[in-house]
1. Taking the alpha-carbon set of region 12-84, what are its Rg and Dmax in Å?
2. So what is the 222 nm mean residue ellipticity for the chain from helices alone, if each DSSP H run of at least 4 adds -39500 (n - 2.57) and you divide by all residues, rounding to the nearest 500 deg cm²/dmol?
3. Using the Cα atoms of region 57-141, I'd like the radius of gyration and the largest Cα-Cα distance, Dmax, both in angstrom.
4. What Kirkwood hydrodynamic radius, in Å, does region 192-342 give when the mean of 1/r is taken over all pairs of distinct Cα atoms and then inverted?
5. In this model, which of K22/K80; K55/K425; K142/K204; K10/K280 are farther than 32 Å apart at the alpha-carbon?
6. Rounded to two decimal places and with Rh computed the Kirkwood way over Cα pairs, what is Rg over Rh for region 1-146?
7. Over the chain, with the other protein chains present, what is the accessible area per residue in square angstrom, probe 1.4 angstrom?
8. Could you list which residues have their amide H under 5 Å from that of S94, counting only those 5 or more apart in sequence or on another chain, with H placed in the peptide plane?
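The values are calculated or read from the model by the stated rules, or taken from the named source; none is laboratory data. Given the structure is predicted, the values throughout are model-derived calculations rather than measurements. When the accessible area is computed, the model is the full protein with side chains, heavy atoms only, and any ligands, DNA or RNA have been set aside. Shrake-Rupley method; radii C 1.70, N 1.55, O 1.52, S 1.80 Å.
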Amino acid sequence: MSQITVKGGKPLVGRVDVRGAKNLVTKAMVAALLGDNASVLRDVPHISDVEVVSKLLQLHGVLITHGEDGTMTLDPSNVKSARMVDIDAHAGSSRIPILFCGPLLHQLGEAFIPDLGGCHIGDRPIDYHLEVLRNFGAVIDKQPNGIRLSAPDGLHGAKISLKYPSVGATEQVLLTSVRAEGLTELSGAAVEPEIMDLIAILQKMGAIISVDTDRVIRIEGVKNLDSYNHTALFDRNEAASWAAAALATHGDIFVGGARQPEMMTFLNVFRKVGGAFDIKEDGIRFYHPGGDLNPVVIETDVHPGFMTDWQQPLVVALTQAKGLSIVHETVYENRFGFTDALVQMGAQIQIYRECLGGNPCRFGQRNFNHSAVISGPTPLHGADIRVPDLRGGFSHMVAALAAEGVSNVTNVQLISRGYEHFLTKLEALGAEFTYTE
Ligand code: EPZ
């Protein structure tokens, strides 16, 4: 298990560059499967989530190249069925395979999807996905290690209303409906920037998709799709993570590639906590301007609300704010596991099952500890910590870098799932650490 030994207490200062969003590029890669010709996707980071999806696509006959500069080509012209045993080897490594269903059914009339992986931040069911696929005419056969799908009568458009604006389920509808027979109407859709970028990609391929003001997405199915040539949207989750790191370590980090429009909500909260930022043409400078940090009340929500992926790194900065902060996590039921390690390092954080600080959410009174109260400022000291998930792991690294003394952080390979060249970036920012495989 890989481990980093960190000597904390030094401000992070310097420049990092973020590339394409982890939560867009993997879906764009699956979208290429729907086309008749080769697609080009630029700014694709070298992260393990991309590697897993590449391997699964190659198993199905897609030819892929991925240069160091981030340019990826995907040629689906010889797509074929894959052996179950080979697909199964990738079980548990990502949540993306569930999005292969529609494209494989369109291309091959069948699919086998292994059991999924992904961060342990809640139960992560796929009930919305399966319901959507059945609406399109898919027949789903549960197997011991995954699901087998077929579409005996082909896939036809459907009228779907999501119980919750699930990002994954919205992507499932988009990737299945674009070549389904007839019209699809999706109400209660997620409209995150990554979803809009996926829609732009599908439109480039020849799809007909409209997004109405009431978050209803309408798709007119077409028989064939061509290909796309696209530069992926930047990773706003990684950008927000480095911004939180700058605040927590009294640092000053220029995040190349970050853009204001997709980060407006984060920037407002960052400023209210006491952070400062300068918007430049090629990125955003995030820094601690000195003085006290202020406590805030945050409620995570779907776009354009405060992203659930932004709260974990920011909580570390809130341990240094003067007063009581509240975070009400309304997207995932169990996303505060990472706070145990922060408490071990001296933070004062209490988690509650009540909906604190905002409106009652679907987790209220269901025994989920989904609200946190953070009391600060509390000095953090080094500790031995184990990374629980991707964003929690980044928070642990930030806490170790902010703490006085030495911390040993294990299971850090989880961080490279979503943060490209993580160690190189830490070095560029002046962090003092040693890394052992
Ligand atoms: C995507 O996950 C992202 N992952 C997540 O980022 C992100 O936090 C999330 O969207 C919300 O923005 C990827 O894109 C790979 P959801 P996804 O479906 O699609 C429940 C990160 O750190 N739900 O919007 O899985 C679900 O349990 C990751 O980069 C069902 O109940 O999120 C959750 O409570 C973490 N049934 C809520 O909906 C379903 O069938 C939101 O999930 C599907 C989801």
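1. When restricted to the Cα atoms of region 12-84, Rg and Dmax are 13.4, 49 Å.
2. On the way: 13 runs with 129 residues, N = 437.
So the helix-based figure for the chain works out to -8500 deg cm²/dmol.
3. Over region 57-141's Cα set, Rg and Dmax evaluate to 14.2, 41 Å.
4. Working: mean 1/r = 0.0581 Å⁻¹.
Kirkwood hydrodynamic radius for region 192-342: 17.2 Å.
5. Working: K22/K80 26 Å; K55/K425 26 Å; K142/K204 34 Å; K10/K280 26 Å.
As for pairs spanning more than 32 Å Cα to Cα, those are K142/K204.
6. Taking Rh as the inverse mean 1/r over Cα pairs, Rg/Rh reads 1.03.
7. On the way: 16630 Å² over 437 residues.
I get 38 Å² per residue for the chain.
8. Sorted by chain and number, the residues that satisfy this are G117, G118.
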